[in-house]
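Here's the structure we're looking at; comments come further down.
The values are calculated or read from the model by the stated rules, or taken from the named source; none is laboratory data. None of these values were measured; they are calculated from a predicted model. Virtual Cβ from ideal backbone geometry, glycine too; neighbours counted across all protein chains shown.
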Amino acid sequence: MRRITIWLLSTVAALVLLFSYKTSTMGAGGESSAIASGSDGGAGSSWSATDDGAGTDSGSSGSSGSSGSSGSSSGSGTATGSVAQTRWGPVQVRITVSNGRITDVTTLQVPDNNHRDQEINDYAVPILRQEALAAQSAQIDTVSGATVTSDGYRESLQSAIDAAHLR
């Protein structure tokens, strides 16, 4: 009888611990990531050309089509990629183009629903940015541990490159 009581209490304790375990994707973290500061909810890509090559934004938030003058592979300006919907949340980037080369990649949105998402993206996004600048294309490697974000980043980056009419 004593063995059964100990076994039953051990089983109940294990079940309580199992059901009280919180995974990294269950709750809202409450903190904001420094990377995920953008709020552009646009679904499409947009291009904004500049005459001076400074790469300023056209100010049209949420635009689905092209804005500004038409870009070319030798143009300068900014291009905002479409929002890539991933299983953990949206990913969106904006590129700055000068003389037909990508000079900067700004992350507008990344998944930040909890602390773990923020940790992953705080680590992965700078690596993805450096890879994109070095490759001058969306043909970049996946960051280990951030596969979903990497896939969304590549998708949005390719959309921005297409909007800027680069290769």
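Checking Arg87 against (1) at pLDDT 85 or above; (2) within 18 Å of Ala138 (Cα to Cα), which test does it fail?
For Arg87, the exception is condition (2).
When you check Thr103 against the structure, is it within 22 Å of Ile161 (Cα to Cα), β-branched (Val, Ile, Thr) and out of contact with any Ser or Thr (no Cβ under 8 Å at 6 or more places or on another chain), yes or no?
When the stated conditions are applied, Thr103 does not pass them.
So which residues in the range 136-149 are in contact with a strand residue (DSSP E or B) (Cβ under 9 Å, 6 or more places away or on another chain) and either of a type in the set (A, V, I, L, M) or more than 16 Å from Val83 (Cβ to Cβ) (or both)?
Within the range 136-149, Gln136, Ser137, Val148 meet the criteria.
In the range 90-109, which residues are free of Cβ contacts under 8 Å to residues at least 60 places away in the same chain and surrounded by 21 or more Cβ atoms within 10 Å (Cβ to Cβ)? Please lay out each step first, then the result.
Residues of the range 90-109 that are free of Cβ contacts under 8 Å to residues at least 60 places away in the same chain, as a first pass: 96, 98-99, 101, 103-105.
Thr96, Val105 - these are the residues of the range 90-109 that are free of Cβ contacts under 8 Å to residues at least 60 places away in the same chain and surrounded by 21 or more Cβ atoms within 10 Å (Cβ to Cβ).
Yes or no: Val105 in a strand (DSSP E or B) and in contact with a Phe, Trp or Tyr (Cβ under 6 Å, 6 or more places away or on another chain)? Please lay out each step first, then the result.
On the way: in a strand (DSSP E or B): yes; in contact with a Phe, Trp or Tyr (Cβ under 6 Å, 6 or more places away or on another chain): no.
No.
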